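A short reminder: the numbers here are calculations on the coordinates, not readings from a lab. Computed from a predicted structure; not experimentally measured. Backbone-built Cβ (ideal geometry, glycine too); neighbour counts: all protein chains shown.
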Amino acid sequence: MASMSFNDKTPEPVIETPVEEIRDVQEVSATLAVRPAAPVAVYVEGEDAEGEFSSRDIQWPGLSLVTKTSSDAEIYGVGAWLVGKETPVGKYTEPLKVIAVKIQKAYQEQIPFGTGARARMFRTADEVLQAGLSLEWGSDARAAEVLGVRFWLPQPEGVDAPHVFTLEGPEGYGAVVKFFAARTTYGTVGKTLISASQTFLRKDRGGLPSGVWEMTATKEAKNGNTWLLPRLKPSGKTSPDLAAFLKSLGV
């Protein structure tokens, strides 16, 4: 299984999901295996922890959408948002409030579904070309853009899950969750966040943690396949206190 790590300095009515969407959600981890150029672990020696730690040692639960082919579809229902594959936090038709804390773009090798092969990840387009792959759509051996996201998910009203929402911020409890945007989801979630980070949520305008988003999903159909496609819509700004708290998390 391909993995994607962020900054190593310290990835309805019953609707069928195309196999390419299933692969991205179920077979690819939200941590990209991209290596920094220099050692990044920090040695810690304190009362409650000792050792050399980095972001590789921290686990964040994933945010995923239950599909018709999901093994837990009968338990949670198609279109349910799950954290850690076991805690329902909403339905795809009801906007889920999230705040993007960090994003990381990379390139994922495109491998036919069902081969069992492990997809390689690349940090840059140059690395893709050096590996003998193409970025052109339709090429036999290619890689495509993917985006790993760390979202702050405020504890939704009515969701009783203290084991998930363990972080207390200035506006209540929440959790950092990972999300992986690939293929069509890269277009609806990935490009949306990248565009925001380069425009109205640039660093000099508060950065990504200063913007609130509503996440839903739409029913899509093509060539006889149907699936749910996650989407993001801007929904205002975070308070200065919450933005500062999210930046301090260092995810």
Of the listed pairs Lys85/Lys105; Lys97/Lys178; Lys105/Lys247; Lys91/Lys237; Lys97/Lys222; Lys91/Lys247, which have alpha-carbon separations greater than 26 Å here? Lys97/Lys222; Lys91/Lys247
Output the peptides 162-171, 110-119, 45-54, 184-193 sorted from most to least packed, where packing is the average of other Cβ atoms within 10 Å over each peptide's residues. 184-193, 162-171, 110-119, 45-54
Considering only DSSP beta bridges with both partners in segment 127-197, what is the antiparallel share in %, to the nearest 5? 90
Once you order the gyration tensor axes a ≥ b ≥ c over the Cα atoms, which shape class does segment 35-171 get: rounded for a/c under 1.5, otherwise prolate or oblate by comparing a/b with b/c? oblate
Can you give the Kirkwood hydrodynamic radius of segment 19-248 from its Cα pairs, in Å with one decimal? 19.1
